[in-house]
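Single-structure report; data block below.
The values are calculated or read from the model by the stated rules, or taken from the named source; none is laboratory data. Remember, predicted model here, so these are calculated numbers, not experimental data. Cβ atoms come from the backbone with ideal geometry, glycine included; neighbour counts cover every protein chain shown. Areas reflect the complete protein model, heavy atoms only, side chains present, ligands, DNA and RNA absent. Shrake-Rupley method; radii C 1.70, N 1.55, O 1.52, S 1.80 Å.
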Amino acid sequence: MPAKPAPIKKAAKKELPEKKVEKAPEPAPEPEPAPVEPEAAPAAVEEAPPAETPAEGAAEAPAEVVVEAPPPPPPEEPKAPTPPPPPPKEPTSAPLDLFIEDKNDTSVSIIWSQPETVGDSGLDGYLIEVCKDGTEDWKAMNEELHKSTRYAIKNQTTGDKLKIRVVAVNPGGRSAPGVLPEAVLVKEVADRPKVRMPRFLRQRYVAKVGDKINLTIPFTGKPKPVVTWSKDGKALDTKRVQVRSTERDSILFIRVSEREDSGVYEMCVKVDDFEDKATLILQIVELPGAPATVKIVDTWGFNVALEWTPPVDSGNTDIIGYTVQKADKKTGDWFTVLDHYHRLNATISDLIMGNTYKFRVLSENKVGMSEAAVVTKGEAKILKTDIDYKPLPFTEHDYSEAPKFTVSLADRAATVGYSTKLLCSVRGSPKPKIEWLKNQMIIGDDPKYRQICVQGICTLEIRKPGNFDGGVYMCRAKNSCGEATVHCKLEVKQPINPDAEKK
């Protein structure tokens, strides 16, 4: 058993130079053989079996060592064409409308609008840069890009004048800066300026030509604000418009107004970097001119059709209506046929046959009616026409009706010596004749009775009836169509004597 390991060690020693011969073609120098330590013997035993075959072959023919040439490199594959480089990205345009929102002793708040042109690259954010007035040492106030369009610049020194600008950043780089027009003084404002525009001046102020205009507009602010006025974006003409300002208000004064004074007036109050503006729209109006033209379009029957065009001069305000007048050629007097009329054409009717007419039109605005009128050049004559009138056949309605009592007689009780009345009502056509009967006997013209018939109401008055006046009374109505009767019973009683009852 101890004799077997010895040849294994010799084979391991012979294997090392064979391996070096195989690696001879390599340009690198051969490393010196490392000394074999006793502890490495087990490792050599483990590596020996795969090397037995070449070791035996090397012992039989040590001179025939074949060195294999390295394999040829594989053919290179054709490369794809290189794509053209992407177009360079462009930065955005400059931020817009940069102004001061607020400030105090140590900070300034600014606000702006996003750039007009952003592009396909988008917008990553903004850089806010500040430098002291008189220098160009710009420093960024934010380390990371700011996303909002509002920023507060803090921890500043009171009394410093700062120049501020905002730069938009995207993958294309920095945009042109949006810069404040003036340097900002870091100082707290005691009271911001504010224009207190009166309510009646907020919409539009309308005055007539020749009126005196004296408008007072109050404002607030400390220290005293600087007040400036402009008209239609230009400076005021002090020959026409005068302005007087105090610590509390500003007065716009025009001695005699003219139409040229109309326009948009702007008042601006400013304290340091803060300002407030208010707009006043002044409109000076006057009477309009007459309509440009008027003509007679058509005449038929008793009607005339007119058309006219609006006036060239509306008086610097809207036309609210027209007035149309006519005049008969015989008299020449003008009469209004339409007023506050809004259309540009009209039909005048109910004219008199045989007369000749002229027409005129006046325009009207909120000041009043035009002083002049435009008159038709031609005349409209209403011709006489022959009319053959054939009346329609008319059959008169027959209103004949036999008498009919609408209210009958009612039974009554009377007292001796006290007059009483019997009442009934009747209708009929022709008017019926009324007769009164007592106990089937016609009363006639007996003075004891009074007979009245008014508007179909028949009354029989019995004056101071006696014991023999009781009975059955009848009223009879007759006409050519027939007759009708009603009757009632009258009872006459003795009066009650209270003294007799006591006895």
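Listed values, structure above:
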| quantity | calculated |
| --- | --- |
| Positive-end residue, the stretch 379-503 charge dipole about Cα centroid, Cβ charges, pick of Val454, Leu437, Val472 | Val472 |
| Rounded accessible area per residue of the stretch 341-496, 1.4 Å, Å² | 67 |
| Portion, in percent, of the accessible area of the stretch 340-453 that falls on carbon or sulfur, probe 1.4 Å | 51 |
| Normalised convex hull volume, the stretch 157-304, alpha-carbon set, Å³ per residue | 255 |
| Loop-located chymotrypsin sites (Phe, Trp or Tyr not before Pro) in the stretch 382-419 whose Cβ has at most 10 other Cβ within 10 Å (DSSP) | Tyr389, Phe394, Tyr399 |
| Net charge, Arg463 excluded, C-beta distance under 13 Å - Lys, Arg +1, Asp, Glu -1 | +1 |
| 5 angstrom amide H check on Glu101, placed H, neighbours 5+ away | Ser109, Ile110, Ile111 |
| From the C-alpha gyration tensor of the stretch 250-291, square roots of 5λ in Å | 32, 11, 5 |
| Peptides 410-416, 305-311 ordered by average Cβ neighbours within 10 Å, highest first | 305-311, 410-416 |
| Sum of side-chain charges, Tyr449 neighbourhood, beta-carbon under 11 Å (Lys, Arg +1; Asp, Glu -1) | +1 |
| Sum of side-chain charges, Ala477 neighbourhood, beta-carbon under 14 Å (Lys, Arg +1; Asp, Glu -1) | +3 |
| Residue pairs, from the table Lys231/Lys270; Lys212/Lys270; Lys139/Lys222, whose Cα atoms sit over 22 Å apart | Lys212/Lys270; Lys139/Lys222 |
| Protection-proxy order for peptides 117-127, 426-436, each taking the mean of Cβ atoms within 10 Å per residue, highest first | 426-436, 117-127 |
| Centre separation in Å (Cα based) which lies between the stretch 468-488 and the stretch 322-400 | 64 |
| Extent along principal axes [Cα atoms of the stretch 279-401; Å; largest to smallest] | 84, 42, 23 |
| Tail weight of P(r) past 19 Å, computed on alpha-carbon pairs of the stretch 408-461, percent | 32 |
| Rounded to whole Å, sorted largest first: equivalent-ellipsoid semi-axes of the stretch 84-185, Cα gyration tensor | 28, 13, 11 |
| Surface/4 of the Cα convex hull for the stretch 343-441, nm² | 20.4 |
| Accessible area per residue in Å² at 1.4 Å probe, computed on the stretch 125-246 | 63 |
| Sequence ranges 286-292, 171-177, ranked by mean other-Cβ count within 10 angstrom, highest first | 286-292, 171-177 |
| Dipole magnitude of the stretch 330-431 about its Cα centre (Cβ charges: Lys, Arg +1; Asp, Glu -1), debye to nearest 20 | 160 |
| Distance violations [Cα-Cα > 19 Å] among Lys464/Lys493; Lys161/Lys194; Lys161/Lys234 | Lys161/Lys194; Lys161/Lys234 |
| The stretch 350-503 - convex hull of alpha carbons, volume per residue in Å³ | 336 |
